[in-house]
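The block underneath contains the structure these notes are about, expressed in structure tokens.
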Amino acid sequence: MPFSAKELLVMLCGLGHKISLEELKDFLDNDGRAFSLQKKMYITRAGAFTDQIFSFMPTQKEVEQKVFVPGDRCMPFVDLDALSYSLTFEFLGQELPEKLFDTDCNTARDLFCLYGDEFSAQYISSDPACKDLHIAENNFELPLKMSLTGISMEPIFDKVDFKYGDRILCRVYDWDKGIIEVIPVLTHKLNPFQISAEDMERQKWYDKLESALLESFDSMGPCSSIEEQLANVFYENRRELCVPDCGSVHEFLERSKKVGLELFGVETRLWFKGQDVPAVGKWNHDIYEEDGRAVPFFALPDFVIDCYLKDSLYEKKDNIDEVIEKLIPKDIPLSDNEKKLLTLQIHNRNAILRKNYNWFADFSNGSLRHRALKLFGEVGSLVYELDCDNKELNQLPQQELVTLSQLYTHISRMLEILSDDSDCADEEACAMELSLEGMEMNFEDIKPLLISALDKVKKNRFNVI
């Protein structure tokens, strides 16, 4: 049910939580688990997608093995934090059992392609059937042959004459528990050239989805993920898209000549087919007009300060002024009072960390954190060189600009993990090291291109008289 921020505030206060109305509104406006509605109302993902319908068509290999792999097929109708193998599928009131699906690496990636090629291997490796793959140790490469946890279709085959070309219609029965009701839809035909009424309705569905996505690109731009883009589009158009004659996103992408999976820096987004995804557009024009920056504003969360201070302790250095210089570069526009308060915060935090710091316990994280901080500093310096207004940002190479923004975000997340005192598991440390190596290479690739473009922008600011 839709609710207002005030109604939620009353409930939270009744449970003993302390939060202001403005803080709550800001949280709801920026949290992907809720949609903003008209008249300052909100609805949760559970409220938005419970009882909604979607469908997919099992591949020929799946039908041959009487199994289907959820993969990304339930996106965006289920909890984005729920891994696909953990979802429950029911047929005629009975839970369908799990069954292994023997496949190859290319088919596996196709089944998880909506997570983006950059993340699909990690989602696949989280499957219990892949627990012995250790892909982080193999540069995130999947083996040629592998197995995935699937859902057995044998109870369906026992009841109906299901064949390749038939469809599985799904209804979100319980969003919180990840329970999905499945209904087989027999659409296979002896004459593949015969066009039925259902085919014509499904074609209208593909046309509507294409139109809705193209409109979303102009109004919302590339969202934070493919999942968020689809969630917004399906919720806004649920009356036309969540219908019995629906198709699937996978089939849509195979058919569409206007929408495709395109590179967005080092990530993947849904976008105009064959076009680069720009960093700046109508969807964020106002933000950059106010801020004038292409990347997130340089901030100093506590975990960044902790990482720099721990790095100094790890390097066995006592000069706190060196740490302050790294944390507060000269070109950052801070007032004297702001610098004074930040310096005091750093000194106080250093005194706290020094009391409990153990060099031997920090040994395993120390070298990786030191290397991550080096890249963080280099990325941060380039961020502040790109001090352009909106028109000038359009003159910079857009993909490299996007990549820089993503590097800034990814290296910040890594530092947040490394700020914790607990040791990283060997596999996690190996994965972070590989990720860091990739980020270093990406930064070396984009840095000269951005600096060269920035030099041209600066030259164009001056007119010869």
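No value in this document is a laboratory result; all are computed from the given coordinates. The structure presented is a predicted model; accordingly, all values stated were derived computationally and were not measured. Every residue, glycine as well, gets a Cβ built from its backbone with ideal geometry; the counts of neighbours run over all protein chains shown.
Table for the structure above
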{"quantity": "Extension gain from Arg371 to Leu353, taking 0.36 nm per residue of separation minus the Cα-Cα distance", "calculated": "4.5 nm"}
{"quantity": "Folded to 0 to 90 degrees: helix 197-220 orientation relative to the chain principal axis, Cα", "calculated": "10 degrees"}
{"quantity": "Prolate/oblate/rounded label for region 122-239 (Cα gyration tensor, a/c 1.5)", "calculated": "oblate"}
{"quantity": "Computed [θ] at 222 nm, helices only, for the chain once each DSSP H run of length n ≥ 4 contributes -39500 (n - 2.57)", "calculated": "-15500 deg cm²/dmol"}
{"quantity": "Nitroxide proxy distance, nm - points 7 Å out along Cα→Cβ at Asp161 and Lys459", "calculated": "7.4 nm"}
{"quantity": "At 0.692 mPa s and 37 °C, Stokes diffusion of region 76-161 via Kirkwood alpha-carbon radius, µm² per second", "calculated": "232 µm²/s"}
{"quantity": "Above-threshold pairs, the threshold being 20 Å between Cα atoms, out of Lys61/Lys258; Lys66/Lys163; Lys317/Lys447; Lys6/Lys40; Lys208/Lys257; Lys317/Lys339", "calculated": "Lys61/Lys258; Lys317/Lys447; Lys317/Lys339"}
{"quantity": "Region 102-162: GluC sites (Glu not before Pro) in DSSP loop, at most 11 other beta carbons within 10 Å", "calculated": "Glu141"}
{"quantity": "Computed E for Lys257/Asp117 - FRET, C-beta separation, R0 22 angstrom, nearest 0.05", "calculated": "0.55"}
{"quantity": "Contact order relative to length of the chain, as percent, for alpha carbon pairs under 8 angstrom and 6 or more apart", "calculated": "14 percent"}
{"quantity": "Distance histogram in 10 Å bins (all Cα pairs of the chain, percent per bin)", "calculated": "4, 16, 24, 26, 19, 9, 3, 1, 0"}
